[in-house]
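The values are calculated or read from the model by the stated rules, or taken from the named source; none is laboratory data. What you see is a predicted model, and the numbers here were worked out from it, not measured in a lab. No Cβ is skipped: glycine too gets one built from the backbone with ideal geometry, and neighbour counts run over all protein chains shown. With ligands, DNA and RNA removed, areas are computed over all heavy atoms of the protein, side chains included. Shrake-Rupley method; radii C 1.70, N 1.55, O 1.52, S 1.80 Å.
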Amino acid sequence: MYPEMTIEQLQNIDASKRILYIDLRSEGEYESSTIPGSLNLPLLNNKEREIVGTLYVQKDVEMAKSQGISFVSQKLPDLYKNITTQTRNYDHVVLFCERGGFRSQSLFVLLKSLHINVWKLHGGYKAYRAFINTQLPQIFEELTPIVLSGNTGCGKTQLLQELRRRGMDVLDLEACANHRGSLLGSVGLGATNSQKTFESLVYDELKTRKTNYVFMEAESRRIGSVILPPYIYKSIQNAVAINITSPLESRVDRILKEYTGNTDSDIIEALEKLRKYLSNERVDKFIEEVRKNNYPPVIRELIENYYDHKYTKGDYTVVSQFDHVDTKKTAEQILMWKQSYYPQEE
């Protein structure tokens, strides 16, 4: 029998071992969602996959196989060279396709016959997704979330980063979504991650946690186009929370640093969406100021007359409050609070 590994077995491999997943699916499948960190080496590209798939739909199975072999055979020299290079760089190289079927099996058998040290993921990407769908809800049942709440620009993300640097377990949901959660949340970041990618990244952040006490930011049900699964949203709503406040000018300064810098086109595109909520006159004024690189008045007015009015406190229990001006000092205060609030962890 040729060696296969289940995703459960791969998760239990010693953390010092370097594992590379090679996604043999088309670039379109890969871009939609994959195992984080995997390398895409498509056996069939988007167009080739469409051609072969059409033949299968037309019940011409033999022609579909023949056409697939024809497409793949042209790529074999490059695939062989690339994969053999990777086997020298990693302890385990694991091939997968959608279901662990024809695409991964055919290349896997060929490589093993040539004595190339590769593995095959049992059940393919579908098995990985089933694993994530099972594991994530179980993980959140075990967690004791510590939620940072507070208005836009209070520096909650910076505090999470500082807490992580100090060895705390942190889950940055906005980083996993690649979106900051507000109407202007995608400025400078590009496309929001897919729902599946988001859930995979959440799992990756939590699987290496040292404790079940995890700092995270208060979020609404949606971060960009990502919808928080019920078990994540419920975990936030039922959590202990610490409220973060900050002077208006500090908030303006943080947003100025985070959102501006070769991002004017993104900012203007986001501001256009505000026409549903604010008058055309005000939005036109914002856009004019952005084009003049006069950002602070726009940020200040958006904070005072839009974001702060839109902010809604969740059902979480706020047990303490910290005024955030200096990130390192505030993080130190939060850690001192945590030691007294959760003494059993120490």
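Legend: calculated FRET efficiency, Leu39 to Arg99, from the Cβ-Cβ distance at R0 = 22 Å, rounded to 0.05, equals 0.70. Put a dot 7 Å past the Cα of His92, heading toward its Cβ, do the same for Leu248, and the two dots end up 5.6 nm apart.
Using the Cβ-Cβ distance between Gln161 and Glu27 with R0 set to 22 Å, the FRET efficiency works out to roughly 0.10. Positive end of the dipole of the chain (Cβ unit charges, origin at the Cα centre): among Thr144, Thr87, Phe286, the Cα lying farthest that way belongs to Thr87.
Summarising the strand pairing of the chain, around 5 percent of its internal DSSP beta bridges are antiparallel. Rounded to the nearest 10 degrees, the angle from helix 156-165 to the longest Cα principal axis of the chain is 60 degrees. Just from its helices, what would the mean residue ellipticity at 222 nm be for the chain, if runs of 4 or more DSSP H residues each count -39500 (n - 2.57) and the sum is divided by every residue, rounded to the nearest 500 deg cm²/dmol? So the helix-based figure for the chain works out to -15000 deg cm²/dmol.
Rounded to the nearest 10 degrees, the inclination of helix 195-207 to the longest alpha-carbon principal axis of the chain is 80 degrees.
Taking Ala218, Ala270, Ala239 in turn, the Gaussian network model of the chain (Cα-Cα springs below 10 Å) assigns the largest fluctuation to Ala270. Using C-alpha pairs under 8 Å with a sequence gap of at least 6, the mean separation divided by the residue count of the chain gives a relative contact order of 17 percent. Taking a ≥ b ≥ c as the square roots of the eigenvalues of the Cα gyration tensor, region 214-346 is prolate, since a/c reaches 1.5 or more and a/b is larger than b/c. Under a model in which nothing but the beta-carbon of Lys, Arg (+1) and Asp, Glu (-1) is charged, region 265-322 shows a dipole of about 60 debye around its Cα centre. Comparing mean-square fluctuations of Asp323, Asp60, Asp315 from a GNM of the chain with C-alpha springs under 10 Å, the top value falls on Asp60.
Against the empirical 2.2 N^0.38 Å (N residues), the chain has a Cα radius of gyration ratio of 1.20. Once you've got the Cα coordinates, tell me which of Lys210/Lys328; Lys207/Lys328; Lys234/Lys276; Lys313/Lys338; Lys81/Lys112; Lys65/Lys196 are over 20 Å apart. Checking Cα-Cα distances, Lys210/Lys328; Lys207/Lys328; Lys234/Lys276; Lys313/Lys338; Lys65/Lys196 exceed 20 Å.
Here the label points at His309 and Ile13, each 7 Å from Cα along the C-beta direction, are separated by 5.5 nm in the simple model. Helix 102-113 and the longest principal axis of the Cα set of the chain meet at an angle near 60°.
Remark: relative contact order (region 1-159) = 27 percent; criterion is Cα-Cα distance under 8 angstrom and separation of 6 or more residues. The dipole here belongs to the chain: it is taken about the Cα centre, uses +1 on the Cβ of Lys and Arg and -1 on the Cβ of Asp and Glu, and is about 640 debye. For region 120-264, the dipole from Cβ point charges (+1 on Lys and Arg, -1 on Asp and Glu) about the Cα centre works out to 380 debye, to the nearest 20. Per-residue surface analysis assigns Arg166 an accessible area of about 90 Å², computed on protein heavy atoms at 1.4 Å probe radius.
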